[in-house]
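Each remark here refers to the structure printed beneath this line.
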Amino acid sequence: MTVNHKIIWNEVKDYLFITLGLFLYTIAFTVFLMPYQIVAGGVTGLSAIIYYATGFHLENTYIIINGVLLVVALKILGMKFLMKTIFAIFSLYFMLMFAQELIPKQANGLPFKLMGEGQDFMSMIIGCAITGVALATVFTHNGSTGGTDIIAASVNKFHPNVSLGNVLIAADFCIIGSCMFFPQFGSYTERAHKVMFGFCVMAMENYTLDYVMNARRQSVQFFIFTKKWQEIANAIGTKMNHGVTILDGHGWYTGQEIKVLCILAKKNESVNMFRLIKMIDPQAFVSQSAVIGVYGEGFDEMKVKIKQEKKKEKELTVKEK
């Protein structure tokens, strides 16, 4: 496969997985959250609150708010950044519209309660688990559902010290807390009940999202003690396309010098790594440990901002050399 074909295939794969993630999100939202009038964060959550209070179609509010945000953000973030976001917004709009048409309705116009009466909490748990997995699928394939993500990215561009997470949490708190200002939700006690449920949704959804994304990116470190270190290092380098660091070791009990192989790899590569080692040296002593983060080529990018002054100093140093 040529470089151009590989780039095209990666883009196509991203769009396919973004579509899958949005489909899962639509099912979770319309089947598990909407029937019980469970509120959530983001523009989808705000659209749902307006729908519960006024009856104005959720998908219409969603596309109107996102349309305004896209126009504002187009100059700030650029078309390249927003392409997948625009695709996701319109895809989710149509999915939400068709899902509400297809799913049977209750007397109040909301989708039917799949879990039955009085199962609000259980429906919330299932719904949040699915929406968390859905959002993780979208984010890990360079996608975005728009809405508060656009606001967060715009704020972060002008104020790099303000993290995306802080902006999203603040926006979600405001959206969920807005339930208190809608008399249609009943007494203050009933409104407070919806707000508390909304905060539970936010916590569970973010926990699932983080768990799925971190599990996918989790890395491990191997220390391999073996007499056949050259064969194993060569096999790992050629068959698994991994770099290997060779350390000098000294056995305390035997007093012998030994070479120790150090490898950083993705967790899902562990089985292949052990299989390869065992094929070459079944007597090898191997230590595997989880690492918090690995940054650099082949792993995660170091997402930190360098202050402009330090950046200029670094450029001057490079020029002098």
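The values are calculated or read from the model by the stated rules, or taken from the named source; none is laboratory data. All of these numbers come straight from a predicted model, not from anything done at the bench. Every residue, glycine as well, gets a Cβ built from its backbone with ideal geometry; the counts of neighbours run over all protein chains shown. For accessibility, only protein heavy atoms count, side chains too; no ligands or nucleic acids. Shrake-Rupley method; radii C 1.70, N 1.55, O 1.52, S 1.80 Å.
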Got at least one residue in the range 90-99 being under 23 Å from the mean Cα position of the chain (by Cα), under 24 Å from E190 (Cβ atoms), surrounded by 19 or more Cβ atoms within 10 Å (Cβ to Cβ) and not acidic (D, E)? no
Take E205 and decide whether it is touching a Ser or Thr at 6+ places or on another chain (Cβ under 8 Å) and of a type in the set (D, E). yes
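Okay, residues lined up against (1) basic (K, R); (2) buried (at least 17 other Cβ atoms within 10 Å of the Cβ):
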residue: I38; (1), (2): no, yes
residue: Y51; (1), (2): no, yes
residue: F56; (1), (2): no, no
residue: A73; (1), (2): no, yes
residue: F87; (1), (2): no, yes
residue: K105; (1), (2): yes, no
residue: T131; (1), (2): no, yes
residue: L135; (1), (2): no, yes
Pairs where the first residue, in the range 182-197, is free of Cβ contacts under 8 Å to residues at least 40 places away in the same chain and farther than 19 Å from M122 by Cα and the second is assigned to a helix (DSSP H, G or I) and open to solvent by less than 40 Å² (accessible area, probe 1.4 Å), C-beta under 8 Å, 6+ apart: R191/C179; R191/F185
Any idea which of (1) more than 15 Å from the chain's Cα centre (by Cα); (2) touching a residue at least 24 places away in the same chain (Cβ under 8 Å); (3) open to solvent by 60 Å² or more (accessible area, probe 1.4 Å) is the one G109 doesn't satisfy? (3)
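So, A134, is that one within 21 Å of Y25 (Cα to Cα) and either under 20 Å from the mean Cα position of the chain (by Cα) or outside any helix (DSSP H, G or I) (or both) or not? Before you say what the answer is, go through the steps one by one.
Details: within 21 Å of Y25 (Cα to Cα): yes; either under 20 Å from the mean Cα position of the chain (by Cα) or outside any helix (DSSP H, G or I) (or both): yes.
When the stated conditions are applied, A134 passes them.
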Condition set of a type in the set (A, V, I, L, M) and at pLDDT below 85, scope the range 1-40, selection farthest from I169 (Cα to Cα): answer is M1
Spot the failing condition for T189; the list is (1) over 20 Å from the mean Cα position of the chain (by Cα); (2) surrounded by 15 or more Cβ atoms within 10 Å (Cβ to Cβ); (3) of a type in the set (V, I, T), and only one is missed. (2)
Please work out which residue is farthest from M124 (Cα to Cα), limiting yourself to the range 198-221 and to residues that are β-branched (V, I, T) and open to solvent by 20 Å² or more (accessible area, probe 1.4 Å). V212
Go through (1) in a helix (DSSP H, G or I); (2) at pLDDT 85 or above one by one and return the number of the condition K310 breaks. (2)
Restricting attention to the range 222-280, and to residues there that are touching a His at 6+ places or on another chain (Cβ under 9 Å), open to solvent by 40 Å² or more (accessible area, probe 1.4 Å) and under 26 Å from V212 (Cα atoms), which single residue is modelled with the highest pLDDT? L264
Does any residue of the range 68-75 turn out to be over 22 Å from I130 (Cα atoms) and part of a loop (DSSP other than H, G, I, E, B)? no
Which residue pairs have Cβ atoms under 9 Å apart, sit 6 or more places apart or on different chains, and have a first residue in the range 215-235 that is assigned to a loop (DSSP other than H, G, I, E, B) and a second that is among the charged types (D, E, K, R)? Q218/K266; Q218/K267; T226/K259; T226/D281; K227/K259; K227/D281; K228/D281
